[in-house]
Amino acid sequence: MSKLCEKVSVPARYFGGESNLPTPKSEVDVRFCMCVSDTYEVGMSNLGVRILYFLINSMDNVVCERCFAPWFDYQDYLKENNQQLCSLESQTPLNQFDFVGFSMQYELCYSNVFQMLELANIPVLSKDRNDNHPFVVAGGPCAVNLEPMADYLDFIFVGDGETPWPKIIKDWQKMKATTSKKDFLSYVDKTYSCIYVPSLHPVEYVGEKVAKPMDFVIKKNTEKDLDSIFAPTTQLVPTIEIVHDRAVVELSRGCANGCRFCQAGFIYRPVRERSQRQVVEICQQLLANTGYNEVSLNSLSAGDYSTLSQLVQDLKPVCQKYNARLGLPSLRVDSFKGDFVSENRKSSLTFAPEAGTQRLRDVINKNVTKEDVLSACEQAFNQGYSSVKLYFMIGLPTETMDDVAGIADLAFEIKNLYHKLTKKVLRISVSVATFIPKPFTPFQWEQFATKEDVEAKQMYLKTRLRKGQIGFSYTDYETSLLEAVLARGGRTVGPALYQAYKNGACFDAWTECFNWQRYKDAFDQFGIDVDQIVAQKEEDEVLPWDMIDIGVTKQYLLLEKHRAQQGVATPSCTQKCNGCGLKKQGFCDKSEGNRKL
C-alpha cells in the first residue's frame, strides 16, 4: 500500500470504504459491476448510478459493485505491476463479473471505455468475447445513439432502468448454467423491446450515411409513476470530496418546456413528478442516513414542479432539524423566486438565457424574455447575491452577429442593474458553449457551425466583455466538433475511435487531456468524412439513430424544426398538449403530463 500511495495521487478513488455500503452477501449468483468511464469524483455524483446500485444490491443473491476510470497515475501503476482493474467493494477483477455495465453520460467519455476494458483484460471488440467474459453493456442518455460504439458493446439499454434491469438479471440468474452468452443475447433481443443488440442488427452504409431504413425498432423504456418505483433512502458518503457532494432527491423526470436544442428535454419526456409527500420522506431519510448538510432536488426544471412553493415550505423544518440547506440547482429564469433561495448561503447563481436576443430565443423555443432575466437577477441581488453566471450558446440555427452582440448587451444590462441597487462589487461571468445539433431534437437535421464562424464570434465576445471587466469562458472548437461527430455519427466511426485511443486519447472531457490531433489522425487513417457527419441533413435522410423510438414522433420534431425556421415559439406542455406523440401512447393522462400531488 505504501508503494501505491507513493505512485498514486488519490488512492481513495479506487478502494471504496464509504459509509452506507451494502452488507456483504454470503451467497451470490450474479455479479454486476456498475462502471462510469470518468473519475470517481464525477461518477459518484450521478443519481442514475446511485439508483441502480442500490436497486440491484436489494436483489437476493445478486451483488452490484462499482468501478471508475483510473487516472493516468493509477493506470500506469496497474500496468507496471501487471495488475487488473478491479471493483471498489471487493477488489474483484472486472473480467470475473457477469455484467460490466457502463453509464454513458456524455460522448467524450467513450475513450475511457477502451481504457477500462483493456485494463480489465476484457476483449475490446464484442465479437472477440466468449462465454468466459462478462456481458459488456451500456445505458444512459447517450444510449439513444451509441452506433459509434456498436462494435464494442454486447447490448445497449435504452430508457429508465428500474423495472427491466431486475428482470434481466433474474433471467440470467435462472439461465446462466445452461445458456451460452450468444443465446442469452438472442433472448434479451427478442424479449425486451428496450434492449439493442448491435451484433444481431447489421446496418448498411454508403460513406457516412445509412444506406436504407432499418427493419427493427428499439423502444425506450419509460417508467410512468415515480412513486411506485425504487428510490434509495440512503447514499454512499465518500471519504473524499466529489463534484456534487450532497444528498440528492429526484424531484421529477422529463421537462415540459421543449427547448429545441435540448436533447434531455425530448428523450426524458413525459414529465413525471414524484409526490410531495414522498419527496419530503426521502429527504428526511437521506439527511438522517448520510449526515450531509445539503439536500438537492434533482430535476431538469425544478421551477416547473407543480407544488414547489408548498414543498419548499414543507422541507424547511426537515432542513432545520438536520441543519441542512435546500438546493434547487435547475431553476429556469422565469421560475426563479427570491424566497426559494432566501435562506441559502449567498453564493453564485447561474442563469441560462441561452441566446442574446428575443428573436433567437423564439427560434430555439427558450420561452424566457429579457425582462424575466432582469427580474430574476434583481430578486437575487435583493437577497444579497453578488455573483452571477450566465450561460449562452453560439452557432445556433439562424444566428447573426446581432444575436451575438445581444449576449454582451444583456451582460452589461445586468451589471448596470446591480450597480443601481448597491455599490458593492459584482462578480459576473459569461460562459458560451458551441451549439451541437443532437439526435432527437428539432435541430437534429441542422449543421454544426464552422470553425471560422465560431472563433470569430468567440473573439468578438472576448473583446467586448473584457472591456467591461466581465469574465468570459468558452469551449474549444475541436472539443465541440468531436462531440458533434460522436453524437451524430454511425457505426463507420467506431474503428477510428479505438484507433484514437491507441493514439493516446483518454479523458477527452478534461481540457488538459484532450488532443484533437489524435482523432484527426485516426479519422484520416480510416477515411472518415467528418464534414459529412456534421453537415446539414435532408429531412427524408435515414439517420443512424432512426431505429430508436423515444416516444416523441419524428413528425413532431420536423414540425418544431419548421416552427423554428419561422421564429414561432411553442408553449410548455403544462399549458397545452402540443401533440408530440406521447399522449397517444398512453403516457400523458392530462395535457400537463403525469403529476403526483
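Side notes on the structure shown:
- The set of residues in the range 164-221 that are closer than 23 Å to residue 140 by Cα and assigned to a loop (DSSP other than H, G, I, E, B) comprises 192, 193, 194, 197, 201, 202, 203, 214, 216, 217, 220.
- The residue pairs whose first member lies in the range 195-224 and is more than 30 Å from residue 524 (Cβ to Cβ), whose second member is part of a loop (DSSP other than H, G, I, E, B) and among the small types (Gly, Ala, Ser), and whose beta carbons are closer than 6 Å, counting only pairs six or more residues apart or on different chains, are 219/193.
- Scanning the range 71-101 for residues that are charged (D, E, K, R) and assigned to a helix (DSSP H, G or I) turns up 73, 76, 79, 80.
- So residue 308, is it at pLDDT below 95, surrounded by 17 or more Cβ atoms within 10 Å (Cβ to Cβ), assigned by TED's automatic domain parsing to the domain that holds residue 264 and among the aliphatic types (A, V, I, L, M): yes
- Cβ pairs under 8 Å, 6+ apart, first in the range 239-253 and not assigned by TED's automatic domain parsing to the domain that holds residue 20, second among the aromatic types (Phe, Trp, Tyr): 240/40; 242/40; 245/292; 246/292; 247/292; 251/305; 252/305; 253/268
- A single member of 412, 392 is outside any loop (DSSP other than H, G, I, E, B), surrounded by fewer than 20 Cβ atoms within 10 Å (Cβ to Cβ) and either at pLDDT 95 or above or of a type in the set (S, T, N, Q) (or both), and it is 412.
- Some residue of the range 356-369 being crowded, with 18+ Cβ neighbours inside 10 Å and either assigned to a strand (DSSP E or B) or among the hydroxyl-bearing types (Ser, Thr, Tyr) (or both): yes
- Per-region count, the range 1-38, residues in contact with a helix residue (DSSP H, G or I) (Cβ under 7 Å, 6 or more places away or on another chain), in a loop (DSSP other than H, G, I, E, B) and either basic (Lys, Arg) or on the phi < 0 side of the Ramachandran plot (or both): 6
- The C-beta contact set for the range 10-33 (first residue in contact (Cβ under 8 Å) with a residue 40 or more places away in the chain, second residue assigned to a loop (DSSP other than H, G, I, E, B) and of a type in the set (Lys, Arg), distance under 9 angstrom, 6+ apart or interchain) comprises 29/176; 30/176.
- Answer from 124, 137 - the residue that is within 21 Å of residue 486 (Cβ to Cβ) and in a loop (DSSP other than H, G, I, E, B): 124
- Test: residue in the range 276-288 that is not in a helix (DSSP H, G or I) and not acidic (Asp, Glu): no
- Members of the range 377-412 found to be aliphatic (A, V, I, L, M) and within 27 Å of residue 446 (Cβ to Cβ), listed by number: 390, 393, 394, 396, 401, 404, 405, 407, 408, 410, 411
- Any chance residue 540 is free of Cβ contacts under 8 Å to residues at least 12 places away in the same chain and either outside any loop (DSSP other than H, G, I, E, B) or among the small types (Gly, Ala, Ser) (or both): no
- Residue list for the range 517-534, restricted to those being polar (S, T, N, Q) and in contact (Cβ under 8 Å) with a residue 40 or more places away in the chain: 532
- Residue that is farthest from the chain's Cα centre (by Cα), among those in the range 496-551 that are under 17 Å from residue 481 (Cβ atoms) and among the β-branched types (Val, Ile, Thr): 528
- Scanning the range 438-468 for residues that are in contact (Cβ under 8 Å) with a residue 60 or more places away in the chain and within 30 Å of residue 551 (Cα to Cα) turns up 438, 439, 440, 441, 442, 443, 444, 445, 446, 447, 448.
- Residue match in the range 155-162 (condition: modelled with pLDDT of 95 or more, part of a helix (DSSP H, G or I) and more than 19 Å from residue 64 (Cα to Cα)): no
- Answer residue from the range 223-272, given it is touching a helix residue (DSSP H, G or I) at 6+ places or on another chain (Cβ under 7 Å), of a type in the set (D, E, K, R) and under 23 Å from residue 308 (Cβ atoms) and is surrounded by the fewest Cβ atoms within 10 Å (Cβ to Cβ) among those: 227
Quick grid of which residues meet (1) of a type in the set (Asp, Glu); (2) at pLDDT 95 or above; (3) surrounded by 22 or more Cβ atoms within 10 Å (Cβ to Cβ); (4) more than 26 Å from the chain's Cα centre (by Cα):
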position	(1), (2), (3), (4)
35	no, yes, yes, no
43	no, yes, yes, no
60	yes, yes, no, yes
65	yes, yes, yes, no
83	no, yes, no, yes
91	no, yes, no, yes
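- Qualifying residue in the range 9-27 (condition: out of contact with any Pro (no Cβ under 8 Å at 6 or more places or on another chain), surrounded by fewer than 17 Cβ atoms within 10 Å (Cβ to Cβ) and either β-branched (Val, Ile, Thr) or within 26 Å of residue 267 (Cα to Cα) (or both)): yes
- Just one of the listed residues (434, 441, 479) is surrounded by fewer than 21 Cβ atoms within 10 Å (Cβ to Cβ) and among the β-branched types (Val, Ile, Thr), namely 479.
- Checking each residue in the range 1-31 for being within 30 Å of residue 168 (Cβ to Cβ) and of a type in the set (A, V, I, L, M, F, W, C) picks out 15, 21, 28, 30.
The values are calculated or read from the model by the stated rules, or taken from the named source; none is laboratory data. Being a predicted model, the structure only gives us computed values, none of them experimental. For neighbour counting, all protein chains shown are included, and Cβ atoms are generated from backbone atoms with ideal geometry for every residue, glycine included.
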